[in-house]
1. Using R₀ = 22 Å, calculate the FRET efficiency as 1/(1 + (r/R₀)^6) where r is the Cβ-Cβ separation of Gln94 and Ile172; round to 0.05.
2. State log₁₀ I(q)/I(0) for the stretch 151-276 at q = 0.11, 0.16, 0.23 Å⁻¹ as given by the Debye formula over alpha-carbon point scatterers of equal weight, solvent excluded.
3. Can you tell me the FRET efficiency between Leu243 and Arg383 if r is taken as the Cβ-Cβ distance and R0 is 30 Å, rounded to the nearest 0.05?
4. Which order do you get for Lys90, Lys249 if you rank them by accessible area with a 1.4 Å probe, largest at the top?
5. With a cut-off of at most 14 other beta carbons within 10 Å, and DSSP calling the residue loop, which GluC sites (Glu not before Pro) in the stretch 45-90 qualify? Please list them.
6. Per residue, how much accessible area does the stretch 60-159 show when a 1.4 Å probe rolls over the protein heavy atoms, in square angstrom?
7. Can you pull the accessible area of Ile136 for me, 1.4 Å probe, Å² to the nearest 10?
8. For labels at Lys192 and Leu325 in the simple 7 Å Cα→Cβ model, what's the distance in nm?
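The values are calculated or read from the model by the stated rules, or taken from the named source; none is laboratory data. Model, not experiment: these values are computed from the prediction. Neighbour counts run over all protein chains shown; Cβ positions are idealised from the backbone, glycine included. Note: accessible area is taken over every heavy atom of the protein model, side chains too, but ligands, DNA and RNA are not part of it. Shrake-Rupley method; radii C 1.70, N 1.55, O 1.52, S 1.80 Å.
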Amino acid sequence: ALHHSGDVGQQAGLGAEPAEAAASPAGRPTPAGSAARPNGHSCSNPEISWALPDISHVSRDDLASQVGEVLLYYCYCEVKDPEKLCAWQKALCQHLHLTGKVRVASEGINGTVGGSKVATSLYIEVMLSQPLFKNILCQEDFKSSTGGAHCFPDLRVGVFKEIVPMGIDPKIVSYKDTGIHLSPQEFHREVKQYLSQASQGQSDTILLDCRNFYESKIGHFQGCLAPDIRKFSYFPTYVDENLELFKDKRVLMYCTGGIRCERGSAYLRSKAVCREVYQLKGGIHKYLEEFPDGFYRGKLFVFDDRYAICSNEDIISACRYCGVLWDQYKLCSSQHCRQLVLTCPSCCSKGLTACCPVCQEKELKVTSRASGQTLKEECECTRRRPRVPIERVSQRMLDMGK
């Protein structure tokens, strides 16, 4: 792979230099232009190295093992050639038998990939040696959880305008104008203080969940404000519609891995209504590594076939039909719908497997539509949900952390 990676790069239209495929004596890929740049990177805009790791010493069974992990990471940086980075990233994941989703844009990269522990370890090593990410991405930026390649149906790598879809041009609201990052320990102390003050009706802080409603439904921080939105692209409008809530407040923001807070906090700061805006560095993922029994209760929603990962025994959500405590999502059983539904085993055995009566009825009917055709947002529960809710919360309740 190392010997031919230069040829592969040229055939893919990347114009890779032979030096980019050269290996060090230790068998590790050497970043392109490392001889010209002592630190392996350029201060302005480093070239993308077309380097793949040496896997000759790894057995195929170890590389493709079902026992492994899922990595979650992102890196904001200026990417001169997103297409080239995308092609290299796809080749790297295929080389290591990784599945998952990777978004590339001129503002950086955002990925969640699954594979064996050998494969994910090599992936991290190569990512850290990529000149483009040098001195920006570090080992701590990779969040891991038990899983593997089986957690994703396939590998999807593409170029997009944003590495997290907020729907705002990155040139208008930039990740460079983000809020103040708090470590998990600092965030924990802030939440503890917030809950203590809120119980006495003295809090001037809002603990804001930046995720979608179905994520916060099965797990969230105690005393948080969780917007009832279905997509992160609705978050800017939510902020606009509820500016009075944030006026003169200290805002503590959090999300799954930290990336939504990067743009979300920048957008909130652009409105110039908050006193201060903070965000949890590394997201809930990193917080739970430090405080598995802290102020976050319930499951952590993840965007793969696991749907959720667990750090504590709390169940804070209920079956959609009978109301018994339940927090394991399934896809709506109607082929016309892609909504998630909480339905317990007892209700499933009764045939209650759809997200709403409309979808349940559709499932029972034989349709003449072409197989595989997906009709989104036709179900009753989606139509009735306000796209962007306006919070009808009194100031006293907000201060109490309700």
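1. 0.05
2. -0.40, -0.83, -1.58
3. Efficiency, rounded to the nearest 0.05: 0.65.
4. Largest to smallest exposure gives the sequence Lys90, Lys249.
5. Passing sites in the stretch 45-90 are Glu78.
6. For the stretch 60-159, the solvent-accessible area averages 39 Å² per residue.
7. 80
8. 2.6
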